[in-house]
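Structure record follows, encoded as structure tokens.
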Amino acid sequence: MLVVSACLVGVNCKYNGENNDNEKVKEFLKDKEYIVVCPEQLGGLTTPRDPSEINIKDGKEVLHGESKVISCKNIDVTDNFIKGARESLKIAQMFNCNKALLKEGSPSCGCNFIYDGTFSGNKISGKGVTAALFNENNIEVFSEKEL
Ligand code: SF4
């Protein structure tokens with residue numbers, strides 16, 4: 001069983017109220033069992049919402065209190081991101097998921113890269129908060145870019 005970023009299969013849960021509908025993802029999932037989650041919605045954020053970035057390093061630091069997630073309007077949304085990651089993990093464990101197909105680059109779902117916290121489009125290697133929590137709980141994460 002897989003857990004999948006909801007935006008990748010067409011759910012309009014992205015920060016701007018749209019989605020990241022991806023044909024390759026849908027083709028890959030065609031014969032598989034999966035459940036979708038949107039960690040940012042599960043963390044209590046609205047849709048649409050302001051985009052946010054991790055300000056130091058990546059999701060692992062956020063989980064361990066060494067970094068924060070900050071919106072483009074300078075609002076601290078760290079608690080929402082951590083809550084969303086925990087709720088997503090709860091769902092993944094409820095359905096015995098051992099793999100997660102997540103949206104690359106997101107401060108929640110990014111598997112290999114995220115944005116650097118300056119809102120300038122610069123990418124750095126690292127994981128989003130949910131991807132980091134999944135990793136710490138033996139759920140293998142991979143992104144749509146790796147299909
Ligand atoms: Fe997609 Fe994840 Fe962002 Fe939700 S939190 S919109 S599932 S990338």
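Each reported figure results from applying straightforward, stated rules to the coordinates on display, with no laboratory input. Quick caveat, the model's predicted, so the values are computed rather than measured. Glycine also receives a Cβ, built like all others from the backbone with ideal geometry; neighbour counts cover every protein chain displayed.
Remarks
- Compared with the alpha-carbon gap, the fully stretched path from Thr46 to Asp21 is longer by 7.0 nm at 0.36 nm per residue.
- Spatially proximal aspartates and glutamates relative to Lys145 (Cα-Cα < 16 Å; intrachain offsets below 8 disregarded): Asp21, Glu23, Glu27, Glu104
- Rounded to 5, percent antiparallel among DSSP beta bridges of segment 2-146: 35
- Contact order relative to length of segment 2-146, as percent, for alpha carbon pairs under 8 angstrom and 6 or more apart: 24
- For Gly10, the residues whose amide H sits under 5 Å from its own are Asn20, Asp21, Asn22, ignoring neighbours fewer than 5 places away on the same chain, with H placed 1.01 Å from N.
- Sorting the segments 28-35, 95-102, 108-115 by their mean number of nearby beta carbons within 10 angstrom, highest to lowest, gives 108-115, 95-102, 28-35.
- Structural descriptor for segment 46-120: relative contact order 32 percent, calculated from alpha carbon pairs under 8 angstrom and at least 6 residues apart.
- Using a Gaussian network model of the chain in which every pair of alpha carbons under 10 angstrom is joined by a spring, one finds that among Gly105, Gly44, Gly121 the greatest mean-square fluctuation is at Gly121.
- Figure legend: label point modelled 7 angstrom from the Cα of Met1 along Cα→Cβ; residues of segment 29-54 with amide N under 16 Å from it are 32-38.
- Taking amide hydrogens as placed 1.01 Å from N in the peptide plane, the amide H of Phe113 sits under 5 Å from those of Gly105, Gly126, each at least 5 positions away in sequence or on another chain.
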